[in-house]
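Since the structure comes first, as structure tokens, the remarks are kept for the end.
The values are calculated or read from the model by the stated rules, or taken from the named source; none is laboratory data. None of the values given here were measured: they were computed from a predicted structure. Heads up, the Cβs are rebuilt from the backbone with ideal geometry, glycines too, and the neighbour counts pull from every protein chain shown. In case anyone asks, the SASA skips ligands and DNA or RNA and just uses the protein heavy atoms, side chains included. Shrake-Rupley method; radii C 1.70, N 1.55, O 1.52, S 1.80 Å.
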Amino acid sequence: MSNASSPLLDALNPAQRAAAEHHEGPALVVAGAGSGKTKTVVHRIGHLLEHHGVYPNEIFAVTFTNKAASEMKTRINELVGPQAEQLWVSTFHSSGVRILRAYGEFVGLRSGFTIYDDSDQLDVMKAALEGIPSASEFNPRYLRSIIDKAKSNLWTPEDLAREGDEWMSGMPREVAVEGYRRYESSMRRTNAIDFGDLLTLTVKLFREQPNILEKIQNRAVFIHVDEYQDTNKAQYEFAKLLSSKYNNLLVVGDPDQSIYRFRGADIQNILDFQNDYLDAAIYRLEENYRSNARILAVANKLIEQNSERLEKVLRAVKPDGEPVRLYRAPDHRAEAEFVANRIAHLQATGTSLDKIAILYRTNAQSRVLEERFMRSQIPVRLIGGTSFYERQEIKDMLAFARLAVNTTDDLALKRALKRPRRGIGDSSIEKLEVWAKANNTSLLTAFIQADEILERSGKNASEFAKLILELSEYANEHSAEEFLKLTIDATGYLEMLKTEMKTASKAEAEARIENLNELVNAAAEWDNENHGNIEAYLDDAMLLSNVDDAKTKRNNKDVPEQAVTFMTMHNAKGLEFEEVFIVGLEEGLLPHRSSIAEGIAGLEEERRLFYVAITRAMERLTMTLAESRQVYGKTMPSEDSRFLDDIPKDLFVPVNLFNESLATAPVDAHRVPPALRVQLEAAGGAISSLKGGEGVVHPKFGAGKVLAVTGAGDRQEVMIAFGSDVGTKKLLLKYANLVLAG
């Protein structure tokens with residue numbers, strides 16, 4: 001198509017435009033970090049609609065997170081208007097739910113099937129391992145890991161019996177295979193599936209029911225797959241089968257950002273795309289709009305050391321900017337001290353804390369940093385805590401909802417029985433379970449018959465069954481909000497928490513009540529945006545991921561709007577910040593010791609992870625390492641990360657506490673947090689003690705910012721950043737005659 005015929009694409013650069021103008025046939029868009037891949041896909045969809053006359057209900061776009069899907073929908077709507085509502089934009093798992101809700105009967109599912117989360121899975125794993133010889137020696141989490149990996153590769157228990165030695169996690173093959181068989185049998189008996197099933201069963205449906213596959217293919221004539229480098233075998237087959245009729249598969253990704261091998265992602269899916277689709281068009285997006293040129297120079301030199309990649313070189317649209325800094329600390333505490341002091345200075349000179357991120361390889365690294373930031377009273381937003389839907393009271397209430405929707409869900413029934421207690425003992429529950437298994441029926445059916453099965457407590461069990469059946473009827477006739485309001489009240493859960501408020505656990509009970517209120521709020525918001533009952537709401541709630549929760553955490557009432565973001569490098573994928581600190585650049589941390597043991601493949605993934613971390617930075621990047629670090633309670637010497645050898649030394653500036661060049665910006669005393677100030681010995685007197693981070697005034701050099709404090713007593717020294725005309729000075733505090741700014 002000529003350029004003149006595509007005004008909708010005028011906002012794109014030439015490479016983006018070429019990809020967006022792609023019409024029919026397979027295509028691979030190699031999209032580097034910050035290169036505008038979402039913008040390209042959105043404009044490609046708009047171009048299909050506006051220029052090629054494609055119907056909205058023929059377009060399918062699949063992403064990995066609900067957040068990414070929502071962003072894409074919003075941007076398409078802004079570009080093309082109301083017709084965007086007819087597009088099919090969803091995550092892999094959401095698309096699996098949609099397909100299986102419509103056609104699940106063809107793969108053995110009954111209406112109202114339940115989707116189990118990780119915790120639910122674990123409970124089934126425990127039961128599956130019971131009675132298997134020697135199985136009691138192994139943590140059920142081992143089995144869950146094996147099964148999750150097997151399903152991501154479309155392996156049945158029979159396939160696992162033949163292959164998968166590297167997945168055994170120390171568990172004997174016969175135990176894993178038999179545990180897998182029992183797990184699957186239990187799941188099918190209770191009409192439940194797990195997240196892995198959402199795709200494995202959909203692929204099974206596609207393979208076994210060609211007529212159904214064709215129906216879905218006609219709803220997905222033009223397919224877009226985002227983050228293709230992160231797809232596993234099941235996702236790969238899903239996309240391949242779905243695109244097999246029209247062959248209009250456009251995938252977007254960057255093998256240099258493939259960092260989820262531990263989740264089953266296979267980088268070969270994107271590396272081999274041209275072999276799978278011999279007529280595929282290839283587009284490379286290499287212009288980076290996020291990072292300055294110096295940051296990208298470091299990133300490019302690092303990643304070119306990898307062999308498993310598709311050739312590309314990111315080019316900065318921004319100018320050179322400030323140099324990348326490397327700080328070598330004597331130990332992990334000094335590392336935290338440097339970072340905290342640097343950020344205190346940034347705050348004092350006007351940088352918004354929410355534009356700063358600290359990235360680390362493992363969560364354990366955050367402890368020392370958190371403690372240091374607490375002492376400086378610099379607020380922190382820690383990404384990676386317990387999400388809303390993982391809280392006890394929320395899981396309890398949703399167990400009642402799941403049971404109402406799927407009365408054969410034994411696991412939900414057992415959870416619902418725990419809180420509040422209903423006078424049904426463990427021995428009674430065990431008898432009812434034995435009866436249910438002997439009669440090949442659900443546990444709820446046994447509860448209905450409890451008066452005949454149990455000698456005692458039969459009435460309590462049958463009353464509980466009556467409650468669930470009433471909720472089940474209510475579930476079909478009312479909105480999610482109405483159902484949850486009734487359930488919270490009818491189950492006695494709210495009354496139980498109100499009783500707990502009268503005890504020593506009042507604060508905890510209040511918090512749980514607030515969470516239940518928020519659950520109702522969430523359901524009400526969902527009702528306003530969707531058409532469906534509690535069953536549909538449960539599907540959406542179960543699909544929420546930890547990655548998506550990062551946005552929610554920004555609204556956490558316990559964290560101020562202005563706070564430094566702490567997160568692992570994995571969690572940072574897809575985000576960007578003006579200022580980034582990458583800490584812990586040491587052997588054993590990055591690359592991580594477990595990856596070093598995996599050989600070249602493990603090392604290359606760790607290098608990609610470092611690359612992802614670097615390319616989160618927009619304006620400034622500081623890397624730090626410690627020459628010694630605490631390991632199992634002992635201080636041990638550290639070795640520099642081998643990845644630093646991949647980067648020419650002239651691409652970064654070594655800094656220390658006394659030559660940090662960026663620390664010379666003038667301090668605005670009004671921006672210095674009051675919590676960072678210390679008291680004067682007497683009103684108007686000189687300061688005799690500092691902690692670091694204070695705004696001060698020197699009689700000769702003027703206003704400055706305390707960057708570091710060393711020594712004690714008469715030998716205490718301070719390093720202070722004054723204005724650019726003075727620079728950084730190291731002074732003996734006793735004779736400096738400093739007073740606090742403001």
Ranking Val107, Leu249, Val380 by how far each Cα lies towards the positive end of the charge dipole of the chain (+1 on Lys and Arg Cβ, -1 on Asp and Glu Cβ), the top one is Val380
Placing one equal point scatterer on each C-alpha of region 128-225 and summing with Debye, one gets log10 I(q)/I(0) at q = 0.18, 0.20, 0.21 Å⁻¹ equal to -0.85, -0.98, -1.05
log10 I(q)/I(0) for the chain, Debye formula on C-alpha points only (no solvent), q = 0.05 Å⁻¹, two decimals, reads -0.31
At the level of C-alpha centres, the distance separating region 84-119 and region 296-325, in angstrom, is 40 Å
Ranking Asp646, Asp451 from most to least accessible area with a 1.4 Å probe gives Asp451, Asp646
Simple SL model, points at 7 angstrom along Cα→Cβ for Thr441 and Glu455; separation in nm is 2.3 nm
Around Ala601 (Cβ within 9 Å, Cβ-to-Cβ, excluding Ala601; K/R +1, D/E -1) the net charge comes to -3
Of all trypsin sites (Lys or Arg not before Pro) in region 380-450, the ones in DSSP coil with at most 12 other Cβ atoms within 10 Å are Arg421
The FRET efficiency for Leu575 and Arg263, from their Cβ-Cβ distance with R0 = 22 Å and rounded to 0.05, is 0.75
Once the in-chain neighbours fewer than 8 apart are removed, the lysines whose Cα is under 20 Å from Lys466 read Lys414, Lys418, Lys431, Lys485
For the chain, longest principal axis from Cα atoms; helix 173-189 axis from its Cα atoms; angle between them, nearest 10 degrees, is 60 degrees
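Could you compute the net charge surrounding Lys395? Neighbours are other residues with a C-beta less than 13 Å from the C-beta of Lys395; K and R count +1, D and E count -1. Could the numbers behind the result be given before it?
Numbers: positive: Arg391, Arg402, Lys414, Arg415, Lys418, Arg419, Arg512; negative: Asp117, Asp118, Asp120, Asp123, Glu390, Glu393, Asp396.
Residues near Lys395 contribute 0 overall.
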For region 453-500 the trypsin sites (Lys or Arg not before Pro) that pass both the DSSP coil test and the at-most-15 other-Cβ-within-10 Å test are Arg456
Subtracting the Cα-Cα distance of Arg110 and Lys498 from 0.36 nm times their residue separation yields 135.9 nm
So the FRET efficiency between Asn139 and Met374, C-beta based with R0 = 45 Å and rounded to 0.05, is 0.85
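With +1 assigned to the C-beta of every Lys and Arg and -1 to the C-beta of every Asp and Glu, and no other charges, what is the dipole magnitude of the chain about the Cα centre in debye, to the nearest 20?
Using only the charged Cβ atoms, the result is roughly 1620 debye.
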Each label sits 7 Å from Cα toward the beta-carbon; between Val739 and Arg188 the label points are separated, in nm, by 8.3 nm
Quick calc, region 306-387, dipole around Cα centre from Cβ unit charges on Lys, Arg (+) and Asp, Glu (-), nearest 20 debye, gives 80 debye
Chymotrypsin sites (Phe, Trp or Tyr not before Pro) in region 187-267 lying in a DSSP loop, each with at most 16 other Cβ atoms within 10 Å of its Cβ, come to Tyr246
Residue separation between Asn275 and Arg162 times 0.36 nm, minus their alpha-carbon distance, gives in nm 37.9 nm
Site Asp646, offset 7 angstrom along Cα→Cβ, radius 18 Å on amide nitrogen, limited to region 286-301, gives 294-301
A chain fully extended from Glu304 to Asn247 at 0.36 nm per residue, minus the present Cα-Cα distance, gains in nm 17.3 nm
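Please give the net charge around Val583, taking every other residue with its beta carbon less than 10 angstrom from that of Val583, where Lys and Arg add +1 and Asp and Glu add -1.
The answer is -1.
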Taking Cα atoms only, helix 480-490 is inclined relative to the longest principal axis of the chain by an angle, in degrees rounded to 10, of 80 degrees
Over all viewing directions the Cα convex hull of region 392-508 casts an average projected area in nm² of 7.6 nm²
Computed, not fitted: 222 nm per-residue ellipticity of the chain from DSSP H runs ≥ 4 (each -39500 (n - 2.57)), nearest 500, equal to -13000 deg cm²/dmol
Farthest towards the positive end of the dipole of the chain, among Leu471, Leu519, Tyr327 and with Cβ unit charges of +1 on Lys and Arg and -1 on Asp and Glu, lies the Cα of Tyr327
For the chain, the charge dipole (Cβ of Lys, Arg +1; Cβ of Asp, Glu -1; about the Cα centre) points to a positive end, and the Cα of Leu454, Thr615, Leu48 closest to that extreme belongs to Thr615
